[in-house]
Amino acid sequence: MRTWRALGWGGCFVVLLGLAVPWFLWRSDTLVAGLPVWLWWHIAWMGVTALAFGAFARRDWGLFVTGERQ
């Protein structure tokens, strides 16, 4: 069970890391509410990352730190 949770969180963090830089928006000059769309991407990304880290901290903090196997 612990291994599956570790794999799940690892996958979640890899996806978040991969989406940190919006490479697909680099040449976009689209504005939304007066701000570039890539800025809105970063605002949303920071919110999703904060939620994911909060869930990780509440549920499985120490999962990758301790060497214990269950």
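What do you reckon, is residue 4 surrounded by 10 or more Cβ atoms within 10 Å (Cβ to Cβ), without any contact (Cβ under 8 Å) to a residue 12 or more places away in the chain and in a helix (DSSP H, G or I)? Judged against the criteria, residue 4 is not a match.
Among the residues making up the stretch 22-31, a single one is surrounded by 13 or more Cβ atoms within 10 Å (Cβ to Cβ) and either among the charged types (D, E, K, R) or modelled with pLDDT of 90 or more (or both): 22.
Residues of the stretch 45-70 that are modelled with pLDDT of 90 or more and surrounded by 11 or more Cβ atoms within 10 Å (Cβ to Cβ): 45, 46, 48, 49, 52, 53, 55, 56.
Within the stretch 7-37, track down each residue that is assigned to a loop (DSSP other than H, G, I, E, B) and in contact (Cβ under 8 Å) with a residue 12 or more places away in the chain. Of everything in the stretch 7-37, those that are assigned to a loop (DSSP other than H, G, I, E, B) and in contact (Cβ under 8 Å) with a residue 12 or more places away in the chain turn out to be 19, 20, 22, 26. Would you check if residue 40 is touching a strand residue (DSSP E or B) at 6+ places or on another chain (Cβ under 7 Å), among the aromatic types (Phe, Trp, Tyr) and part of a helix (DSSP H, G or I)? For residue 40, the condition - touching a strand residue (DSSP E or B) at 6+ places or on another chain (Cβ under 7 Å), among the aromatic types (Phe, Trp, Tyr) and part of a helix (DSSP H, G or I) - is met.
The values are calculated or read from the model by the stated rules, or taken from the named source; none is laboratory data. All values derive from a computational prediction rather than experimental measurement. Every residue, glycine as well, gets a Cβ built from its backbone with ideal geometry; the counts of neighbours run over all protein chains shown.
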